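*Asks:* The structure that follows is given in the form of structure tokens.
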There are 2 protein chains.
Amino acid sequence: MSELNLDIGAHLRAVRTMYGLSQRELAKRAGVTNGLISLIEQNRVSPSVSSLKKVLDGIPMSLADFFTLDFTASPQVFFRSDELAVMGDRSVTYKLVAPRRPNRAMALLHEKYAPGADTGADMLRHQGEEGGVVVEGHIELTVGAETRQLGPGDAYYFTSAIPHRFRNTGVEPCEIISASTPPTF
Amino acid sequence: MSELNLDIGAHLRAVRTMYGLSQRELAKRAGVTNGLISLIEQNRVSPSVSSLKKVLDGIPMSLADFFTLDFTASPQVFFRSDELAVMGDRSVTYKLVAPRRPNRAMALLHEKYAPGADTGADMLRHQGEEGGVVVEGHIELTVGAETRQLGPGDAYYFTSAIPHRFRNTGVEPCEIISASTPPTF
DNA sequence: ACGGGGTGTTCAATATCCTGCACACATCTG
DNA sequence: CAGATGTGTGCAGGATATTGAACACCCCGT
């Protein structure tokens, strides 16, 4: 993301010009005055959210996209298996794919659950959404009130605010590739 | 994303209470008055972006996260391997993990590239970020000017605006589990 | 030279946001 | 019961965003 500390002006101008629109043209589509767009782009005013939304509707672009847009490139693209940062303890290990860059969109993990591994009876709860695919072995996943046994090729996807728990109840290690957003790692 | 058409009030209230903060407590941390937070949560005013940022700083939460957050639960959590929707052609097949719900945070895919499979010389380009881990076989990935050969356990992560291309130049099929955000599937 | 149509900026007036209080209602404690 | 502390809401007035119209500039065709 562009962090966008408070330089909404430059950000809006970049988006507007990227879409090949003049201040007047955008103003007409958005139902605001061209003067307002000029003022916003100079950071001489901090627009109300409703005004900013009107302006973005004229592009069109959602508020979420506006605040999430990124122009900077990711510093590292390729990761050899042995380059991945290893986290966790003996029973559960996570290999983080993305570098620890602030504001990246998601966390991609290569997880290994040893036999008996358990994320704990006090269920996990955090923000965002997560999903994964089982590559090898079996895992018992509890999400909310429901518990299921997942094998190779099986998958899951849920909002992380729902309490959840991973347990390897088998005798083989279990390997999962998962992604979560926003990144909690 | 929560789309968040313009009900910022309810959204802010949900976030604030989720973090266990009172209007006054948040106001103190944010350096604004409690009255303002009350007005915002009732949608009696549309806060300026600068004010909203001040408020979110008190939580703390970024503007991007605020406009991207989703509270709605996923309708389906568990997916058996044979339940996953299969897409693509013979040479490249994608199994989509998440249901086709609007506004989910990301797309999680189980991809299989047959020998010779190629996403094409006219490189792919779209918004967002994507990453993946190779499970089986080998794949040649080009991102921007760089090309690399990836094997089991290797991974990648890049912003999707950079032109990219996947090719299976080997004789074995290649299996990848990938995630992209925002979801393009 | 003169329009005419494009661009972004500036200024007074008006609409809206934001503050600094006071208020009303709860839940404790003595 | 009174009193202290917590919660969210309402209101007048000062601060700021937004409008509508004018301004200055540039480029192109006459």
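The values are calculated or read from the model by the stated rules, or taken from the named source; none is laboratory data. This one's a predicted model, so the numbers in the text were calculated from it and none came from an experiment. Glycine gets a Cβ as well: all are built from the backbone with ideal geometry, and neighbour counts include every protein chain shown.
*Asks:* Looking only at the range A:30-52, count how many residues are in a helix (DSSP H, G or I), more than 13 Å from every other protein chain (Cβ to nearest Cβ) and more than 6 Å from DNA strand C (Cβ to nearest atom).
*Replies:* Result for the range A:30-52: 2.
*Asks:* Here is a follow-up. For the range B:77-185, which strands (runs of 3 or more DSSP E) that fit wholly inside it have 3 or more residues that are within 9 Å of chain A (Cβ to nearest Cβ) and modelled with pLDDT under 80?
*Replies:* Where strands (runs of 3 or more DSSP E) fall fully within the range B:77-185 and carry at least 3 residues being within 9 Å of chain A (Cβ to nearest Cβ) and modelled with pLDDT under 80, they are B:155-159.
*Asks:* Okay, moving on. List, please: which pairs have Cβ atoms under 6 Å, are six or more places apart or on different chains, and start with a residue in the range A:50-62 that is without any contact (Cβ under 8 Å) to a residue 24 or more places away in the chain and end with one that is near DNA strand D (Cβ under 10 Å from one of its atoms) and not acidic (Asp, Glu)?
*Replies:* Close Cβ pairs satisfying both conditions: A:50/B:46.
*Asks:* In the range B:13-23, which residues are touching a helix residue (DSSP H, G or I) at 6+ places or on another chain (Cβ under 9 Å), at pLDDT below 90 and in a helix (DSSP H, G or I)?
*Replies:* Step one: of the range B:13-23, the residues touching a helix residue (DSSP H, G or I) at 6+ places or on another chain (Cβ under 9 Å) are B:13, B:15-16, B:19, B:21-23.
If we keep only those that are at pLDDT below 90 as well, we get B:13, B:15-16, B:19, B:21-22.
Those that are touching a helix residue (DSSP H, G or I) at 6+ places or on another chain (Cβ under 9 Å), at pLDDT below 90 and in a helix (DSSP H, G or I): B:13, B:15, B:16.
*Asks:* Ok, one more. Within the range A:39-50, can one find any residue that is near DNA strand D (Cβ under 9 Å from one of its atoms) and over 14 Å from residue B:50 (Cα atoms)?
*Replies:* yes
*Asks:* May I ask you to say which residue of B:56, B:26, B:69 is at pLDDT 85 or above, within 13 Å of chain A (Cβ to nearest Cβ) and more than 10 Å from DNA strand C (Cβ to nearest atom)?
*Replies:* Matching residue, one of B:56, B:26, B:69: B:56.
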